[in-house]
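Derivation of every value follows stated rules applied to the coordinates shown; laboratory data play no part. In this text the structure is predicted, and so the values were computed from the model without any measurement. Every residue, glycine among them, receives a Cβ derived from its backbone with ideal geometry; neighbour counts consider all protein chains shown.
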Amino acid sequence: MAKKMRVGVIGAGGIFQGAHWPGWKALDDCEVVALCDIRDSALEAAGALCNVPPEMRFKKYDDMLKKVELDIVDVCTPNCYHCAPTVAAFAAGCHVIVEKPCATSVAEVEKMIAARDKAGKQFMVAQSLRFTPEHLAMRRWVDAGMVGDIYYGRLSLLRPRGVPAWGDFIVKEMSAGGPCYDLAVHILDLALYLMNHPEPVSVSANYWLEISNKPSLMAHDPKRYTVPDEMAAGFVRFANGACIALETSWAINAPEGTYNVFLAGTKGGMQNNPLTLVREEAGLLTNTTVQVNPDAGIASHSEEIRRFVESIKKGLPSPVPGEQALITQRILDGIYKSAVKGKEVKV
């Protein structure tokens with residue numbers, strides 16, 4: 001029997017327990033053997049879930065990396081604490097998968113890529129939205145040439161009242177940003193992936209904080225709300241002439257929430273919700289809707305982990321490499337910079 005790959009987790013809270021653990025559990029060739037978290041409650045809950053004994057639970061990731069022989073490290077910490085443990089894991093000779101957003105600045109992403117290159121290990125950013133059945137179908141349309149060259153996108157992920165009431169999403173020192181880092185990163189990454197990552201050149205954007213730092217019907221504590229944004233909108237230009245418009249929110253006075261990625265190309269258009277392909281067929285402009293097979297059993301977080309391990313074992317390219325995350329980060333940085341300066345910025 002082949003030796004199992006040994007996995008260590010840095011950040012053993014809700015994202016790991018609810019999203020990543022099912023993926024690791026489903027793999028016969030991997031085993032979660034060590035956990036690290038600053039909170040005793042997270043270590044106890046994750047330890048019981050993964051059957052990791054107390055002596056393999058750590059408060060400091062440096063201790064875990066020194067004392068435990070690991071092949072892979074899964075970083076599930078808050079946004080502001082992605083870079084340092086990733087760099088340390090590479091220095092310890094491990095492959096790394098890190099939760100989105102990759103980091104909170106271009107400089108941090110570049111540091112993580114450099115650490116990967118020095119270690120010669122695999123690096124993946126956990127952009128789970130790429131691996132839903134709907135978005136895998138959209139990628140198939142792109143690869144089959146049915147959409148052509150994509151020149152415009154309209155991306156919308158709005159929650160009328162959806163500020164996270166758990167974790168530290170709303171605390172600036174932990175998360176740096178609000179829905180831009182939590183939600184926009186998902187639809188932005190997906191659009192860039194389907195557009196084959198054109199080179200961004202400029203961003204014009206704004207953000208607002210009008211509701212979430214005041215008492216409301218939402219469950220979070222408004223006094224803890226220190227991230228700068230609850231809603232953001234922007235326009236991105238690319239070197240190839242393509243553009244995208246983007247909007248996202250945790251809180252906005254809107255009649256309903258949205259979750260839509262629409263992309264227009266030279267041969268067709270497509271959107272994810274409902275999953276639709278638009279093309280000229282037999283002299284008609286035709287909307288084709290697709291019935292995604294619910295029995296396919298594809299869970300996006302589990303699929304991203306499966307593909308990451310496969311890339312390690314088979315020497316394949318990372319499913320979401322650091323270079324792609326760097327493009328996303330340049331745009332996210334640009335949204336915040338443009339909002340502060342009140343004008344379009346180069347990225």
Applied in sequence order to the range 115-123, the curve 6.51 cos²θ - 1.76 cosθ + 1.60 (Karplus, θ = phi - 60°) yields integer Hz couplings, x standing for Gly and Pro, of 5, 4, 5, 5, 7, x, 10, 8, 9
Treating only the Cβ atoms of Lys and Arg (+1) and Asp and Glu (-1) as charged, compute the dipole magnitude of the chain about its Cα centre; round to the nearest 20 debye. 440
What GluC sites (Glu not before Pro) does the range 14-103 have in DSSP loop regions with at most 15 other beta carbons within 10 Å? 69
Charge dipole of the chain about the Cα centre (unit charges at C-beta), most positive-ward option of 347, 187, 122: 347
Mind checking which of 300, 204, 41 has the largest fluctuation in a GNM of the chain, springs on alpha carbons under 10 Å? 41
Along the dipole axis of the range 215-308 (charges at Cβ: +1 for Lys and Arg, -1 for Asp and Glu; origin at the Cα centre), the most positive-end residue among 244, 258, 218 is 244
Which of 292, 125, 320 fluctuates most in a GNM of the chain (C-alpha springs under 10 Å)? That residue is 292
From fewest to most C-beta neighbours within 10 Å, the residues 72, 327 line up as 327, 72
In debye, nearest 20: dipole of the range 44-152 around its Cα centre with unit charges on the Cβ of K, R (+) and D, E (-)? 120
If I fit a long axis through the Cα atoms of helix 40-50 and take the longest principal axis of the Cα atoms of the chain, what angle between them do I get, 0 to 90°, rounded to 10? 90
Provide the percentage of antiparallel DSSP beta bridges, counting only those with both residues in the chain; round to the nearest 5. 60
Could you derive backbone 3J(HN,Hα) for the range 143-153 from the dihedral phi with the Karplus parameters 6.51, -1.76 and 1.60 (θ = phi - 60°), listing whole Hz in sequence and x where the residue is Gly or Pro? 5, 7, x, 7, 9, x, 7, 7, 10, 8, x
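Hand me the GluC sites (Glu not before Pro) from the range 129-221 located in a DSSP loop with no more than 11 other Cβ atoms within 10 Å, in residue order please.
Numbers: sites: 134, 173, 210; in loops: 210.
For GluC sites (Glu not before Pro) across the range 129-221 that sit outside H, G, I, E and B with at most 11 neighbouring Cβ atoms in 10 Å, the list reads 210.
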Ratio of the range 96-217's C-alpha Rg to 2.2 N^0.38 Å, to two decimals? 1.24
Shape metrics for the chain, restricted to C-alpha atoms - Rg then Dmax, Å: 20.4, 69
Could you state the angle between the C-alpha long axis of helix 185-194 and the longest principal axis of the C-alpha atoms of the chain, as a value from 0 to 90 degrees rounded to the nearest 10? 70
5 angstrom amide H check on residue 58, placed H, neighbours 5+ away: 35, 36, 37
222 nm mean residue ellipticity, helices alone, for the chain (DSSP H n ≥ 4; -39,500 (n - 2.57); rounded to 500): -9000 deg cm²/dmol
Magnitude of the Cβ-charge dipole (Lys and Arg +1, Asp and Glu -1) of the range 1-102 about the Cα centre, nearest 20 debye, reported as 100
For the range 205-212, in residue order, the Karplus 3J(HN,Hα) values (coefficients 6.51, -1.76, 1.60; θ = phi - 60°; whole Hz; Gly and Pro = x) are 8, 8, 9, 9, 9, 10, 10, 6
Just name one of 27, 131, 327: the one whose Cα is farthest towards the positive end of the charge dipole of the chain (beta-carbon charges, Lys/Arg +1, Asp/Glu -1). 327
Distance violations [Cα-Cα > 26 Å] among 59/214; 172/343; 3/314; 118/314: 59/214
At R0 = 41 Å, how high is the FRET efficiency between residue 240 and residue 55 if r is their beta carbon distance? Nearest 0.05 is fine. 0.15
List every residue whose amide H lies under 5 Å from the amide H of residue 30, counting only residues 5 or more places away in sequence or on a different chain, with H placed 1.01 Å from N in the peptide plane. 5
Cα→Cβ-extended label distance, 7 Å offset, between residue 110 and residue 217, nm: 4.6
Can you sort 117, 229 so the residue with the fewest Cβ neighbours within 10 Å comes first? 117, 229
What order do you get for 314, 121, 341 when you list them from fewest to most C-beta neighbours inside 10 Å? 314, 341, 121
Computed over the chain: longest principal axis from alpha-carbon atoms vs helix 300-314 long axis, angle to nearest 10 degrees, is 70
